[in-house]
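I have placed the structure first, in the form of structure tokens, so that the comments after it can refer back to it.
The values are calculated or read from the model by the stated rules, or taken from the named source; none is laboratory data. Note that the coordinates shown come from a computational prediction; the quantities given were computed from them, not determined experimentally. Cβ atoms come from the backbone with ideal geometry, glycine included; neighbour counts cover every protein chain shown. Surface accessibility is based on the protein's heavy atoms, side chains included, excluding ligands, DNA and RNA. Shrake-Rupley method; radii C 1.70, N 1.55, O 1.52, S 1.80 Å.
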Amino acid sequence: MCGPKPNYTTLRQKLIDSSHSFSKNSMAGAGSSEFNPESVISYKFPETLYTYTERDAAIYALGIGACGNDAVDNKELKYVYNADGQEFIQILNKASVAGLHDKGKAAVIEIEIVSYEKESGEPLCMNRMSIYLRGSGGFSKPSRPYSYSRNPSNQTAFPKIPKSQPFAVVEECTQASLALLYRLSGDDNPLHSDPLVASIAGFSRPILHGLCTLGFAIRAIIGRICRGDHTLIKSISGRFLLHVYPGETLITEMWPEASRVIYQVKVKERNRAVLLGFVDLDRINSSL
């Protein structure tokens, strides 16, 4: 299971504020010398501490559909009910800017977040995300747009979806109220709950959180490829393509290739791909 998602709202807002500040300088003229991209690259985020309880973990699991079709599913019940588990864990997040790219009318900022167990100092996981900021580009010369990333390009490359039939397919209908449940895990952006905000953003109604859709996909892979053994998951990568409305049906298609599973998620009602990516495994389940 992916585990509870850290609240990135504060980090995202700080990036937007930083972007707006350099955007004002750069919009005065392309390539304005008033803005130094290194000021964003070297930005220091404050360390953030989160405390997660069994209740938080259960709410997250329910928010990505665990036991949604079977309340006593022996593969997923452990994520929402564990009488003998640890009562809580404190996680310290350390975030840094890993990349910055000038796309003309927009900027792309790469963020890397390393999470540690507070008590032991042991690193638990690393998250990378790219944030697309409209109206925040144009801060470098058009002939030589600024582009920096400390991550090798091959780490961000996504494999193509195979043309062959998928090895496994999982179809699940999301609840109409799912976004209201998922927001309890920390992402309370009104785009996912307020009809007016959703309408202003161009949607007919509030949309589902992208990481909720990702959670459904990883659950499907754990259930069908890993046979319920979440410890086989080594790393997860995903690229969001389109929004999902709560109540729509998600179809997750999977193609195992050596120790990697390529996946794609489609919305059945609109026949559109909304998410693609891959999951690397420590090993392939011997029953495949």
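Of the accessible area of segment 138-288, computed with a 1.4 Å probe over protein heavy atoms only, carbon and sulfur atoms account for 52 percent. With a cut-off of 12 Å between beta carbons, the residues surrounding GLY104 carry a summed charge of +3, where Lys and Arg count +1 and Asp and Glu -1. Charge dipole (Cα centre; +1 on Lys/Arg Cβ, -1 on Asp/Glu Cβ; no other charges) of segment 129-273 amounts to roughly 640 debye.
Surface analysis of segment 153-288 yields an accessible area of 50 Å² per residue, using protein heavy atoms and a 1.4 Å probe.
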